[in-house]
Amino acid sequence: MKSQLLPEGFRDSLPELAAKEYKINSIFIELMSKNGYSIVRPPLIEFESSLFFLTNENENENSFRILDPLSQKMMGIRSDITLQIARLSCGALANSPRPLRLCYSGDIFKVKNNSLNLSRQITQVGSEIMGIEQNLCEKELINLIIEILAKLKIKNFFLSFTMPTLIDAICKDFKLSKKDLEFIKERFRNKNIYGIKKISRTLENVVAVLQSSVGSFSENIKNLKTFKFPKFTQIEINNFIIIMKKIIKVFPKLGIFIDPLEIDESQYHSGIAFKVFSKNLKELFSGGNYKVFNENCIGFSGFLENLVKESNIKTNIGSKIFVPIDSEIDIKSKKKNGYIIVRAIKKLTSKEIRINAKLHCCDYYLYNNKIIKVE
Amino acid sequence: MKKIIMAVPKGRILDELVPLLKKSKIIPEADFFDKKSRKLMFSTNNNDLSIIRVRAFDVATFVAFGAAHIGVAGDDVLTEFGYEEIYDVLDLKIGKCRLSIAKTIEKKKNNIGSQGHIMVATKYKNTVTNYFANKGIRAECIKLNGAVELAPRLGICSTIVDLVSTGRTIKENNLEECDVLLNITSKLIINKIAYKLMNEKITRILNKFKKTLNG
């Protein structure tokens, strides 16, 4: 047969990988459910108008479209489940008591993923709390992240906090034109202050201080505290320091980093946003505060593929045993003892049983009701 | 935390980079200067820093994937790959050249703008496609990894896009430079996540370069 190639960015998860994916997914959902997060399952496809109701240009441009032959309307395939949760919280679940805790797991599709991850179909897992008082739920989320990473046996991880609305404050303070704002954003994206002097000398100083405050929070807080920022920027910085101090107090041993100038590419965060990285510099989760109309929310999500790569959990659930076709009675007791049963499909001689057990990577085989180790 | 790994390009840029490294008091081990050495990773006088020597086109990739934490790459490579995972923090002011369009002298008379479609021999497929797309022209690139200037002469196509520094190769192959896509210098680039998590060590190296450049 001619080999059938999948489209670029799509792949099959074969047995071992699929088992690990399924297990990690189950661990995540179980942990969230136990912590009072109700699971929801929004659909893969919605009409464009509802899928992009929070108008996020990035997601909008990066989503697959199909035409609904029934309604003749354009539909979009989701590329971020968080937006669907936001739609639910102010729609079907608008009258549910607050805070509303929801969790989810499902596939998303992107027209183009980033250059490090070429997959176009990715599984997103996440949790959101809708209707919160501001700045009070970071602790709950960080605790959940610690718990889930421990269960997934991902040791040594780091949290990096950013201020997604700082750029707006700077824009207000320096009354930046649209052109200058785009220029500044580009500079922030590259951590490069070149050319900012032309707009304003004070702005250059402000950016230089913020830029030199990237890294471990405890080492950089002094920098932020002592510099006198302009009015709106100062308000943002003060809020950030208050939240960060609270977090450090509760989690003194966690590796906590800050990056005040990071641009929030998801475009919907307010307050603080954060990312969780593994020691191999891979992103595990990202999250933060956001608003759905007037309601304050906070949440985090991650891609199953990244968790699978970094997780050290084992997927084998017991020793495999090869069982001849007529040993039905014995199977029940073996299953109880935690064996994984591999059944023969026809009558086999003792030699054939031995060969087949080896072929199917079994640890044992059953012969005359005796368990025999595969040599 | 781990050692910092710096990716540097082989070839022309390296010759200009070595004096800069020395002035910045970053001294690689002796093997680094031995062109016959098969070693790919080198220690330096700084215990926290190792250097890898890779092709200029691969520096950005090594840094984007976090295999190297910092690197030296030209604007041509950064534009071609457009990695979002990289900060381009400092202009090292070395490796100056330009990415230019060159055409056979007869073809130059025909204005590019009057065509809707063009064939270009180049190593920079993405950069070229985007450049012409902005002008409303569909460019079809023939990927060549070297001796691009031969393409028009041997009849592959009449337009090329390649690096130009003195312009001699272009002239000697009966071509004329007609437009500059990009003015290029080499930049110090940093992996975004490494910049957060290993900031102290990286800033120390960054400051060494800054000090040298500012005299």
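We did not get these values from a lab; they are worked out from the coordinates using the rules stated. Since we're looking at a predicted model, the values are computed, not measured. Cβ: placed from backbone, ideal geometry, glycine included. Neighbour counts: every protein chain shown.
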ask   = Counting other Cβ atoms within 10 Å of each Cβ, which trypsin sites (Lys or Arg not before Pro) in the stretch B:15-91 have at most 14 and sit in a DSSP loop?
value = B:Lys25, B:Lys35, B:Lys36, B:Arg38, B:Lys39, B:Arg55
ask   = What ranking do B:Met6, B:Met119 get, fewest neighbouring Cβ atoms within 10 angstrom at the top?
value = B:Met119, B:Met6
inquiry  = Loop-only trypsin sites (Lys or Arg not before Pro) in the stretch A:224-289, please: DSSP not H, G, I, E or B, and at most 13 other Cβ atoms within 10 Å.
reply    = A:Lys228, A:Lys253
remark   = A student applying the Cα gyration tensor rule (rounded when a/c is under 1.5; otherwise prolate if a/b is larger than b/c, oblate if not) would label the stretch B:97-183 rounded
message = To make sure I understand, if each residue's beta carbon is the centre and we count other beta carbons within 10 Å, what order do A:Leu210, A:Leu366, B:Leu14, A:Leu70 fall in, fewest to most?
response = A:Leu70, B:Leu14, A:Leu366, A:Leu210
Calculated from backbone phi, Karplus (6.51, -1.76, 1.60) coupling profile of the stretch A:230-247 in Hz, x at Gly/Pro = x, 2, 5, 4, 4, 4, 4, 4, 4, 4, 4, 4, 4, 4, 5, 4, 4, 5
All aspartates and glutamates inside 18 Å of B:Lys171 as judged from Cα atoms, apart from same-chain residues fewer than 8 positions distant = B:Glu106, B:Glu149, B:Asp162, B:Asp179
query = By how many nm would the segment from A:Glu30 to A:Asp326 grow when fully extended, if each residue of separation counts as 0.36 nm and the alpha-carbon distance is taken off?
reply = 102.8 nm
inquiry  = Angle check, please: helix A:178-190 long axis (alpha carbons) against the longest principal axis of chain A (alpha carbons), in degrees 0 to 90, nearest 10.
reply    = 50
inquiry  = Using a 10 Å cut-off around each Cβ, can you sort A:Ile242, A:Ile145 from fewest to most neighbouring Cβ atoms?
reply    = A:Ile242, A:Ile145
query = Cα gyration tensor of the stretch A:203-256, axes a ≥ b ≥ c as square roots of the eigenvalues: rounded (a/c below 1.5), prolate (a/b > b/c) or oblate?
reply = oblate
remark   = The FRET efficiency for B:Glu29 and B:Ile105, from their Cβ-Cβ distance with R0 = 56 Å and rounded to 0.05, is 0.70
ask   = If each of A:Ile66 and A:Lys246 carries a label point 7 Å out from its Cα toward its Cβ, how far apart are those two points in nm?
value = 4.4
message = Going by amide H atoms built from the backbone, whose H comes under 5 Å of the H on A:Val374, apart from near neighbours?
response = A:Tyr364, A:Tyr365
For A:Gly271, distant residues with modelled amide H under 5 Å away = A:Thr165
